[in-house]
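The values are calculated or read from the model by the stated rules, or taken from the named source; none is laboratory data. This is a predicted model, so every value here is computed, not measured. In this analysis, Cβ positions are derived from the backbone assuming ideal geometry, glycine residues included, and neighbour counts consider all displayed protein chains. Please note that ligands, DNA and RNA were not included when accessible areas were found on the heavy atoms of the full protein model with its side chains. Shrake-Rupley method; radii C 1.70, N 1.55, O 1.52, S 1.80 Å.
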Amino acid sequence: MDADTAPREADARAVDTLAVHAGREDLAGLGLHAPPIDLSTTYPSYDSRGEAARIDAFAATGEAPEGPPVYGRLGNPTVARFESALAALEGTEAAVAFASGMAALSAVLLAQHAAGHRHVVAVRPLYGCSDHLLTAGLLGTEVTWTDPEGVADAVRPDTALVMVESPANPTLAEVDLSALAAACGTAPLLVDNTFATPVLQRPALSGARMVLHSATKYLGGHGDVLGGVVACDEAFARRLRQIRFATGGVLHPLAGYLLLRGLATLPVRVRAASATAAALAARLAADPRVLRVHYPKVGGAMVAFETLTDPHEVIARVRLITPAVSLGSVDTLIQHPASISHRIVPEDDRRSSGVSERLLRMSVGLEDIEDLWSDLDRALGDVPPTPVASRPAVAEEARFARV
Ligand SMILES: *Cc1c(COP(=O)(O)O)cnc(C)c1O
(Lines give C-alpha, C1' and ligand atoms only; values in the text may rest on other atoms or scores of the structure.)
Protein backbone atom coordinates (compact mmCIF):
# COMPACT_ATOMS: atom_id res chain seq x y z
CA MET A 1 0.00 0.00 0.00
CA ASP A 2 1.50 3.35 -0.99
CA ALA A 3 0.98 6.74 0.65
CA ASP A 4 -1.94 7.57 -1.68
CA THR A 5 -3.96 4.53 -0.71
CA ALA A 6 -3.01 4.29 2.98
CA PRO A 7 -5.96 4.90 5.29
CA ARG A 8 -5.66 8.32 6.86
CA GLU A 9 -4.62 8.32 10.46
CA ALA A 10 -7.72 7.67 12.50
CA ASP A 11 -9.29 10.83 13.86
CA ALA A 12 -7.97 11.14 17.39
CA ARG A 13 -11.45 11.69 18.78
CA ALA A 14 -13.43 8.72 20.03
CA VAL A 15 -16.16 7.09 17.95
CA ASP A 16 -18.83 8.41 20.37
CA THR A 17 -17.69 12.00 19.77
CA LEU A 18 -17.35 11.57 16.00
CA ALA A 19 -20.83 10.02 15.83
CA VAL A 20 -22.49 13.22 17.06
CA HIS A 21 -20.12 15.83 15.56
CA ALA A 22 -18.68 14.54 12.26
CA GLY A 23 -20.39 15.98 9.19
CA ARG A 24 -21.70 18.88 11.29
CA GLU A 25 -18.51 20.91 11.83
CA ASP A 26 -19.76 23.96 9.89
CA LEU A 27 -23.23 24.17 11.44
CA ALA A 28 -22.47 26.62 14.27
CA GLY A 29 -20.80 28.94 11.76
CA LEU A 30 -23.96 28.80 9.66
CA GLY A 31 -26.04 29.69 12.70
CA LEU A 32 -27.67 26.24 12.68
CA HIS A 33 -27.93 23.36 15.09
CA ALA A 34 -29.74 20.65 13.09
CA PRO A 35 -28.29 19.88 9.63
CA PRO A 36 -30.27 21.45 6.75
CA ILE A 37 -31.96 19.20 4.17
CA ASP A 38 -31.27 20.28 0.59
CA LEU A 39 -33.87 18.68 -1.69
CA SER A 40 -32.79 20.53 -4.87
CA THR A 41 -32.50 18.46 -8.02
CA THR A 42 -30.84 21.34 -9.87
CA TYR A 43 -28.82 24.44 -8.99
CA PRO A 44 -29.20 27.80 -10.74
CA SER A 45 -26.12 29.41 -12.27
CA TYR A 46 -25.73 32.51 -14.49
CA ASP A 47 -22.19 31.43 -15.41
CA SER A 48 -22.36 28.62 -18.00
CA ARG A 49 -18.64 28.94 -18.83
CA GLY A 50 -17.88 28.34 -15.18
CA GLU A 51 -20.26 25.36 -15.08
CA ALA A 52 -18.58 23.90 -18.19
CA ALA A 53 -15.23 24.04 -16.41
CA ARG A 54 -16.68 22.40 -13.29
CA ILE A 55 -18.29 19.61 -15.34
CA ASP A 56 -15.01 19.02 -17.21
CA ALA A 57 -13.15 18.84 -13.92
CA PHE A 58 -15.61 16.30 -12.49
CA ALA A 59 -15.55 14.17 -15.64
CA ALA A 60 -11.74 14.14 -15.63
CA THR A 61 -11.15 13.53 -11.92
CA GLY A 62 -14.36 12.54 -10.09
CA GLU A 63 -13.48 15.10 -7.45
CA ALA A 64 -16.65 16.45 -5.80
CA PRO A 65 -17.26 19.93 -7.29
CA GLU A 66 -16.65 22.95 -5.05
CA GLY A 67 -19.84 24.90 -4.40
CA PRO A 68 -23.32 23.91 -5.64
CA PRO A 69 -23.31 20.45 -7.29
CA VAL A 70 -24.78 21.53 -10.71
CA TYR A 71 -27.33 18.68 -10.69
CA GLY A 72 -28.57 16.29 -8.02
CA ARG A 73 -26.93 13.25 -9.61
CA LEU A 74 -23.45 14.81 -9.20
CA GLY A 75 -23.79 15.25 -5.49
CA ASN A 76 -25.92 16.62 -2.68
CA PRO A 77 -24.82 18.67 0.35
CA THR A 78 -26.99 16.73 2.83
CA VAL A 79 -25.73 13.38 1.54
CA ALA A 80 -22.17 14.78 1.65
CA ARG A 81 -22.55 15.36 5.40
CA PHE A 82 -23.42 11.69 5.91
CA GLU A 83 -20.49 10.66 3.69
CA SER A 84 -17.98 12.75 5.59
CA ALA A 85 -19.29 11.51 8.95
CA LEU A 86 -19.09 7.86 7.90
CA ALA A 87 -15.56 8.35 6.54
CA ALA A 88 -14.53 9.84 9.90
CA LEU A 89 -16.07 6.89 11.76
CA GLU A 90 -14.40 4.30 9.51
CA GLY A 91 -11.06 6.16 9.46
CA THR A 92 -10.94 6.55 5.67
CA GLU A 93 -10.27 9.61 3.49
CA ALA A 94 -13.69 9.54 1.86
CA ALA A 95 -17.01 7.75 1.55
CA VAL A 96 -19.49 7.58 -1.32
CA ALA A 97 -23.18 6.94 -0.63
CA PHE A 98 -25.64 5.05 -2.81
CA ALA A 99 -29.35 4.22 -2.96
CA SER A 100 -28.82 0.84 -1.25
CA GLY A 101 -26.10 -1.56 -0.18
CA MET A 102 -26.49 -3.44 -3.45
CA ALA A 103 -26.13 -0.21 -5.46
CA ALA A 104 -22.90 0.43 -3.53
CA LEU A 105 -21.52 -3.05 -4.29
CA SER A 106 -22.57 -2.76 -7.94
CA ALA A 107 -20.70 0.54 -8.24
CA VAL A 108 -17.53 -1.02 -6.82
CA LEU A 109 -17.74 -3.88 -9.31
CA LEU A 110 -18.51 -1.56 -12.24
CA ALA A 111 -15.57 0.69 -11.33
CA GLN A 112 -13.20 -2.28 -11.23
CA HIS A 113 -14.65 -3.94 -14.36
CA ALA A 114 -14.31 -0.66 -16.26
CA ALA A 115 -10.61 -0.75 -15.34
CA GLY A 116 -10.36 -4.20 -16.95
CA HIS A 117 -10.51 -6.22 -13.74
CA ARG A 118 -13.38 -8.71 -13.76
CA HIS A 119 -12.10 -11.36 -11.39
CA VAL A 120 -13.33 -11.38 -7.79
CA VAL A 121 -12.12 -13.64 -5.00
CA ALA A 122 -14.84 -14.07 -2.39
CA VAL A 123 -15.32 -15.92 0.88
CA ARG A 124 -18.71 -17.46 1.71
CA PRO A 125 -21.04 -16.84 3.29
CA LEU A 126 -21.92 -13.39 2.00
CA TYR A 127 -25.28 -11.66 2.17
CA GLY A 128 -27.56 -13.64 -0.21
CA CYS A 129 -27.92 -10.97 -2.87
CA SER A 130 -24.18 -10.13 -2.85
CA ASP A 131 -23.52 -13.83 -3.45
CA HIS A 132 -26.13 -13.79 -6.24
CA LEU A 133 -24.70 -10.67 -7.92
CA LEU A 134 -21.27 -12.32 -8.10
CA THR A 135 -22.47 -15.85 -8.97
CA ALA A 136 -25.09 -14.96 -11.58
CA GLY A 137 -22.58 -12.84 -13.48
CA LEU A 138 -25.13 -10.04 -13.91
CA LEU A 139 -22.29 -7.52 -14.23
CA GLY A 140 -19.93 -9.88 -16.01
CA THR A 141 -17.99 -10.75 -12.87
CA GLU A 142 -15.92 -13.92 -12.75
CA VAL A 143 -15.82 -15.22 -9.18
CA THR A 144 -13.52 -17.65 -7.38
CA TRP A 145 -14.99 -18.81 -4.07
CA THR A 146 -12.51 -19.86 -1.45
CA ASP A 147 -11.94 -19.91 2.30
CA PRO A 148 -9.73 -17.28 3.95
CA GLU A 149 -6.70 -19.63 3.81
CA GLY A 150 -7.14 -20.02 0.05
CA VAL A 151 -7.20 -16.31 -0.79
CA ALA A 152 -3.45 -15.89 -1.45
CA ASP A 153 -3.54 -18.70 -4.05
CA ALA A 154 -6.78 -17.50 -5.65
CA VAL A 155 -5.60 -13.92 -6.26
CA ARG A 156 -4.50 -13.23 -9.87
CA PRO A 157 -2.93 -10.16 -11.52
CA ASP A 158 -6.38 -9.22 -12.87
CA THR A 159 -8.19 -9.66 -9.54
CA ALA A 160 -10.56 -6.72 -9.11
CA LEU A 161 -11.11 -7.31 -5.45
CA VAL A 162 -11.17 -9.75 -2.60
CA MET A 163 -14.52 -9.67 -0.85
CA VAL A 164 -15.41 -10.80 2.65
CA GLU A 165 -17.99 -10.18 5.34
CA SER A 166 -16.91 -10.38 8.96
CA PRO A 167 -18.98 -11.24 10.93
CA ALA A 168 -20.70 -12.80 7.94
CA ASN A 169 -24.38 -12.77 7.12
CA PRO A 170 -26.03 -15.02 8.34
CA THR A 171 -23.68 -17.40 10.21
CA LEU A 172 -21.61 -14.68 11.93
CA ALA A 173 -18.40 -16.45 10.83
CA GLU A 174 -15.39 -14.19 11.40
CA VAL A 175 -12.18 -13.64 9.46
CA ASP A 176 -8.84 -12.28 10.71
CA LEU A 177 -8.87 -9.09 8.64
CA SER A 178 -5.18 -8.17 9.04
CA ALA A 179 -4.08 -11.65 7.95
CA LEU A 180 -6.51 -11.54 5.04
CA ALA A 181 -5.30 -8.09 3.94
CA ALA A 182 -1.74 -9.46 3.89
CA ALA A 183 -2.87 -12.47 1.83
CA CYS A 184 -4.44 -10.16 -0.79
CA GLY A 185 -1.08 -8.76 -1.91
CA THR A 186 -1.84 -5.88 -4.28
CA ALA A 187 -5.46 -6.91 -4.85
CA PRO A 188 -7.80 -4.54 -2.98
CA LEU A 189 -9.68 -6.01 -0.02
CA LEU A 190 -13.35 -5.08 0.36
CA VAL A 191 -14.84 -5.78 3.78
CA ASP A 192 -18.60 -5.63 4.24
CA ASN A 193 -18.76 -4.13 7.75
CA THR A 194 -22.57 -3.98 7.94
CA PHE A 195 -22.78 -6.33 10.94
CA ALA A 196 -19.94 -4.99 13.11
CA THR A 197 -20.30 -1.26 12.28
CA PRO A 198 -17.34 1.08 12.96
CA VAL A 199 -18.31 0.95 16.65
CA LEU A 200 -16.92 -2.59 16.95
CA GLN A 201 -14.45 -2.81 14.07
CA ARG A 202 -12.76 -0.45 11.59
CA PRO A 203 -11.51 -2.66 8.75
CA ALA A 204 -9.59 0.12 6.97
CA LEU A 205 -7.21 0.20 9.92
CA SER A 206 -6.55 -3.53 9.33
CA GLY A 207 -5.71 -2.97 5.66
CA ALA A 208 -9.07 -3.08 3.86
CA ARG A 209 -9.07 -0.71 0.88
CA MET A 210 -12.87 -0.49 0.79
CA VAL A 211 -15.39 -0.81 3.60
CA LEU A 212 -18.96 -1.40 2.50
CA HIS A 213 -22.17 -0.91 4.46
CA SER A 214 -25.77 -1.62 3.86
CA ALA A 215 -26.68 1.66 5.60
CA THR A 216 -30.23 0.28 5.65
CA LYS A 217 -29.21 -1.69 8.72
CA TYR A 218 -27.37 -0.24 11.76
CA LEU A 219 -26.33 3.13 10.31
CA GLY A 220 -29.95 4.15 9.74
CA GLY A 221 -30.97 2.04 12.69
CA HIS A 222 -34.73 2.54 12.64
CA GLY A 223 -35.88 0.38 9.72
CA ASP A 224 -37.11 3.37 7.72
CA VAL A 225 -34.36 4.15 5.19
CA LEU A 226 -32.60 2.22 2.42
CA GLY A 227 -29.01 3.21 1.68
CA GLY A 228 -25.50 1.99 1.02
CA VAL A 229 -22.04 3.48 1.37
CA VAL A 230 -18.43 2.67 0.54
CA ALA A 231 -15.69 4.13 2.76
CA CYS A 232 -12.35 4.21 0.95
CA ASP A 233 -9.39 6.36 -0.10
CA GLU A 234 -10.06 9.51 -2.14
CA ALA A 235 -8.60 7.97 -5.34
CA PHE A 236 -11.17 5.16 -5.38
CA ALA A 237 -13.93 7.52 -4.16
CA ARG A 238 -13.40 9.61 -7.29
CA ARG A 239 -14.02 6.60 -9.52
CA LEU A 240 -17.10 5.68 -7.50
CA ARG A 241 -18.50 9.22 -7.88
CA GLN A 242 -18.02 8.99 -11.64
CA ILE A 243 -19.83 5.64 -11.73
CA ARG A 244 -22.63 6.98 -9.51
CA PHE A 245 -23.06 10.03 -11.75
CA ALA A 246 -23.23 7.91 -14.90
CA THR A 247 -25.38 5.07 -13.58
CA GLY A 248 -27.60 7.03 -11.21
CA GLY A 249 -27.77 4.97 -8.00
CA VAL A 250 -27.83 8.09 -5.82
CA LEU A 251 -28.97 8.27 -2.21
CA HIS A 252 -31.99 10.53 -1.71
CA PRO A 253 -31.21 13.64 0.42
CA LEU A 254 -33.90 12.75 2.96
CA ALA A 255 -32.25 9.35 3.33
CA GLY A 256 -28.90 11.14 3.73
CA TYR A 257 -30.42 13.24 6.52
CA LEU A 258 -31.88 10.19 8.28
CA LEU A 259 -28.59 8.30 8.00
CA LEU A 260 -26.64 11.21 9.47
CA ARG A 261 -29.14 11.37 12.31
CA GLY A 262 -28.85 7.60 12.75
CA LEU A 263 -25.07 7.84 13.11
CA ALA A 264 -25.46 10.09 16.16
CA THR A 265 -26.92 7.24 18.22
CA LEU A 266 -25.02 4.39 16.51
CA PRO A 267 -22.55 3.76 19.37
CA VAL A 268 -25.19 3.68 22.11
CA ARG A 269 -27.58 1.58 20.03
CA VAL A 270 -24.92 -0.93 19.04
CA ARG A 271 -23.53 -1.31 22.57
CA ALA A 272 -26.92 -1.64 24.23
CA ALA A 273 -28.24 -4.15 21.69
CA SER A 274 -24.94 -6.07 21.79
CA ALA A 275 -25.15 -6.51 25.56
CA THR A 276 -28.64 -7.97 25.21
CA ALA A 277 -27.58 -10.12 22.25
CA ALA A 278 -24.62 -11.58 24.15
CA ALA A 279 -26.86 -12.43 27.11
CA LEU A 280 -29.50 -14.02 24.86
CA ALA A 281 -26.77 -16.00 23.05
CA ALA A 282 -25.65 -17.41 26.41
CA ARG A 283 -29.21 -18.40 27.37
CA LEU A 284 -29.80 -20.02 23.97
CA ALA A 285 -26.50 -21.92 24.24
CA ALA A 286 -27.67 -23.44 27.53
CA ASP A 287 -31.12 -24.33 26.18
CA PRO A 288 -31.93 -27.98 25.37
CA ARG A 289 -34.06 -26.89 22.37
CA VAL A 290 -31.05 -25.27 20.71
CA LEU A 291 -28.43 -27.29 18.86
CA ARG A 292 -25.87 -24.58 18.35
CA VAL A 293 -25.40 -20.83 18.83
CA HIS A 294 -23.20 -18.55 16.75
CA TYR A 295 -22.10 -15.33 18.42
CA PRO A 296 -19.00 -13.52 17.15
CA LYS A 297 -15.92 -12.64 19.22
CA VAL A 298 -16.17 -9.03 18.07
CA GLY A 299 -19.66 -8.88 19.65
CA GLY A 300 -22.61 -7.18 18.03
CA ALA A 301 -26.37 -7.35 18.07
CA MET A 302 -26.78 -10.37 15.76
CA VAL A 303 -27.29 -13.90 17.07
CA ALA A 304 -27.60 -16.98 14.86
CA PHE A 305 -28.79 -20.29 16.27
CA GLU A 306 -29.81 -23.72 15.09
CA THR A 307 -32.90 -25.15 16.70
CA LEU A 308 -33.84 -28.73 17.48
CA THR A 309 -37.49 -27.74 17.33
CA ASP A 310 -38.85 -26.74 13.89
CA PRO A 311 -37.36 -23.30 13.01
CA HIS A 312 -40.43 -22.50 10.87
CA GLU A 313 -42.60 -22.99 13.96
CA VAL A 314 -40.40 -20.60 15.94
CA ILE A 315 -40.94 -17.97 13.24
CA ALA A 316 -44.69 -18.60 13.30
CA ARG A 317 -44.88 -18.31 17.11
CA VAL A 318 -42.98 -15.10 17.92
CA ARG A 319 -45.20 -12.20 19.02
CA LEU A 320 -42.99 -9.41 20.40
CA ILE A 321 -40.15 -10.19 17.99
CA THR A 322 -41.03 -9.38 14.38
CA PRO A 323 -40.60 -12.21 11.85
CA ALA A 324 -38.97 -10.20 9.06
CA VAL A 325 -35.86 -10.02 6.94
CA SER A 326 -33.37 -7.14 7.40
CA LEU A 327 -31.65 -6.18 10.63
CA GLY A 328 -30.13 -3.39 12.65
CA SER A 329 -33.32 -1.70 13.76
CA VAL A 330 -34.31 -0.61 17.27
CA ASP A 331 -36.69 -3.58 17.47
CA THR A 332 -35.84 -7.28 17.32
CA LEU A 333 -36.28 -9.15 14.05
CA ILE A 334 -35.91 -12.86 13.30
CA GLN A 335 -35.82 -14.75 10.01
CA HIS A 336 -34.96 -18.11 8.46
CA PRO A 337 -32.01 -17.48 6.10
CA ALA A 338 -32.49 -20.67 4.04
CA SER A 339 -36.04 -19.48 3.20
CA ILE A 340 -35.56 -15.72 2.93
CA SER A 341 -32.26 -13.79 3.04
CA HIS A 342 -30.17 -16.58 1.44
CA ARG A 343 -32.88 -18.27 -0.61
CA ILE A 344 -31.32 -16.99 -3.82
CA VAL A 345 -28.00 -18.75 -3.10
CA PRO A 346 -27.82 -22.22 -4.74
CA GLU A 347 -28.76 -24.85 -2.13
CA ASP A 348 -25.44 -26.71 -2.11
CA ASP A 349 -23.45 -23.49 -1.72
CA ARG A 350 -25.80 -22.37 1.02
CA ARG A 351 -25.37 -25.58 2.98
CA SER A 352 -21.63 -25.86 2.53
CA SER A 353 -21.18 -22.35 3.90
CA GLY A 354 -23.08 -23.21 7.07
CA VAL A 355 -26.57 -21.92 6.25
CA SER A 356 -28.41 -25.02 7.44
CA GLU A 357 -32.17 -25.59 7.35
CA ARG A 358 -32.16 -25.28 11.15
CA LEU A 359 -30.50 -21.87 11.26
CA LEU A 360 -32.35 -18.78 12.47
CA ARG A 361 -30.85 -15.30 12.37
CA MET A 362 -31.96 -12.79 14.97
CA SER A 363 -31.22 -9.06 14.99
CA VAL A 364 -31.51 -8.00 18.60
CA GLY A 365 -33.02 -4.58 19.28
CA LEU A 366 -33.38 -2.36 22.32
CA GLU A 367 -36.25 -4.11 24.13
CA ASP A 368 -35.95 -5.42 27.67
CA ILE A 369 -34.10 -8.74 27.74
CA GLU A 370 -36.71 -10.53 29.89
CA ASP A 371 -39.50 -9.56 27.49
CA LEU A 372 -37.43 -10.85 24.56
CA TRP A 373 -36.53 -14.05 26.36
CA SER A 374 -40.12 -14.86 27.31
CA ASP A 375 -41.13 -14.44 23.64
CA LEU A 376 -38.27 -16.66 22.45
CA ASP A 377 -38.82 -19.20 25.19
CA ARG A 378 -42.47 -19.62 24.20
CA ALA A 379 -41.66 -19.64 20.47
CA LEU A 380 -39.05 -22.38 20.88
CA GLY A 381 -41.80 -24.71 22.09
CA ASP A 382 -41.42 -27.99 23.95
CA VAL A 383 -38.11 -29.75 24.54
CA PRO A 384 -37.78 -32.43 21.84
CA PRO A 385 -37.92 -35.96 23.30
CA THR A 386 -35.03 -37.51 21.33
CA PRO A 387 -31.45 -36.93 22.55
CA VAL A 388 -29.20 -35.08 20.08
CA ALA A 389 -26.62 -37.86 19.74
CA SER A 390 -29.18 -40.28 18.31
CA ARG A 391 -30.32 -37.86 15.59
CA PRO A 392 -28.09 -38.49 12.59
CA ALA A 393 -29.62 -35.66 10.51
CA VAL A 394 -28.64 -33.18 13.19
CA ALA A 395 -25.09 -34.48 13.51
CA GLU A 396 -24.74 -34.25 9.73
CA GLU A 397 -25.80 -30.60 9.64
CA ALA A 398 -23.73 -29.64 12.65
CA ARG A 399 -20.58 -30.40 10.65
CA PHE A 400 -21.23 -27.39 8.44
CA ALA A 401 -21.74 -24.88 11.18
CA ARG A 402 -18.92 -22.48 11.97
CA VAL A 403 -18.81 -20.76 15.32
C1 LIG B 1 -28.60 -6.10 3.62
C2 LIG B 1 -27.20 -6.33 3.31
C3 LIG B 1 -26.64 -5.91 2.09
C4 LIG B 1 -27.47 -5.28 1.00
O5 LIG B 1 -27.90 -4.01 1.38
P6 LIG B 1 -29.26 -3.32 0.83
O7 LIG B 1 -29.24 -2.01 1.53
O8 LIG B 1 -30.40 -4.22 1.23
O9 LIG B 1 -29.12 -3.21 -0.64
C10 LIG B 1 -25.28 -6.11 1.89
N11 LIG B 1 -24.52 -6.69 2.83
C12 LIG B 1 -25.01 -7.12 4.00
C13 LIG B 1 -24.12 -7.78 5.00
C14 LIG B 1 -26.37 -6.97 4.29
O15 LIG B 1 -26.86 -7.40 5.45
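Some observations on this one:
- The chain, accessible area per residue, ligands and nucleic acids excluded (1.4 Å, Å²): 41
- Residue with peak Gaussian network fluctuation, the chain [Cα springs, cutoff 10 Å], from 326, 45, 341: 45
- Residue-by-residue Karplus 3J(HN,Hα) for segment 216-231, coefficients 6.51, -1.76, 1.60, Hz, glycine and proline x: 3, 8, 5, 4, x, x, 10, x, 10, 8, 9, x, x, 7, 10, 9
- Computed from Cα positions, the angle between helix 77-90 and the longest principal axis of the chain comes to roughly 60 degrees.
- Residues whose amide H comes within less than 5 Å of that of residue 227, counting only those at least five positions distant or on another chain, are 101, 215, 216 (H built at 1.01 Å from N in the peptide plane).
- Antiparallel DSSP beta bridges within the chain, as percent of all bridges there, nearest 5: 55
- With every protein chain in place, the chain: carbon and sulfur % of accessible area (1.4 Å): 56
- Note on the chain: with a GNM built from Cα contacts shorter than 10 Å, the maximum mean-square fluctuation among 346, 170, 311 falls on 346.
- For residue 367, the amide hydrogen comes within under 5 Å of the amide hydrogens of 332, counting only partners 5 or more places away or on other chains and with H modelled in the peptide plane.
- Segment 84-105 residues near the modelled residue 73 label - backbone nitrogen below 18 Å, point 7 Å along Cα→Cβ: 97-100, 103-104
- Eigen-decomposition of the gyration tensor built on the alpha-carbon atoms of segment 267-401 gives equivalent ellipsoid semi-axes of 23, 17, 14 angstrom, largest listed first.
- Value of relative contact order over segment 267-401, rounded to a whole percent, pairs C-alpha under 8 Å and six or more apart: 28
- For segment 267-401, the Cβ-based charge dipole about the Cα centre amounts to some 320 debye (Lys, Arg positive; Asp, Glu negative; other atoms uncharged).
- Computed Rg/Rh of the chain, alpha carbon atoms with Kirkwood Rh: 0.99
- Every helix of 4 or more DSSP H residues in the chain counts as -39500 (n - 2.57), and over all residues that averages to -11500 deg cm²/dmol at 222 nm.
- Under a Gaussian network description of the chain, with springs only between Cα atoms under 10 Å, the residue in 325, 355, 199 that fluctuates furthest is 325.
- Working note: Karplus 6.51/-1.76/1.60 with θ = phi - 60° gives segment 126-141 the couplings 10, 3, x, 6, 5, 4, 4, 4, 6, 5, 6, x, 4, 10, x, 6 Hz, where Gly and Pro are set to x.
- For the pair residue 176 and residue 222, label points projected 7 Å from Cα toward Cβ lie 4.2 nm apart.
- Helix 234-247 axis versus longest C-alpha principal axis of the chain: approximately 90°, rounded to the nearest ten.
- Around the amide H of residue 94, modelled in the peptide plane, lie the amide H atoms of 232, 234, all under 5 Å away and 5 or more residues distant in sequence or on another chain.
- Only alpha carbons enter this Debye calculation for segment 55-113, each as an equal point scatterer, and the log10 of I(q)/I(0) it gives at q = 0.15, 0.16 Å⁻¹ is -0.51, -0.59.
- Whole-Hz ³J(HN,Hα) from phi, Karplus 6.51 cos²θ - 1.76 cosθ + 1.60, for segment 169-181, glycine and proline x: 8, x, 7, 6, 4, 10, 10, 6, 5, 5, 5, 5, 4
- As computed over segment 108-163, the Cα convex hull volume per residue (Å³): 63
- Averaged over residues, the count of other Cβ atoms within 10 Å places the peptides 316-324, 288-296 in the sequence 288-296, 316-324, highest first.
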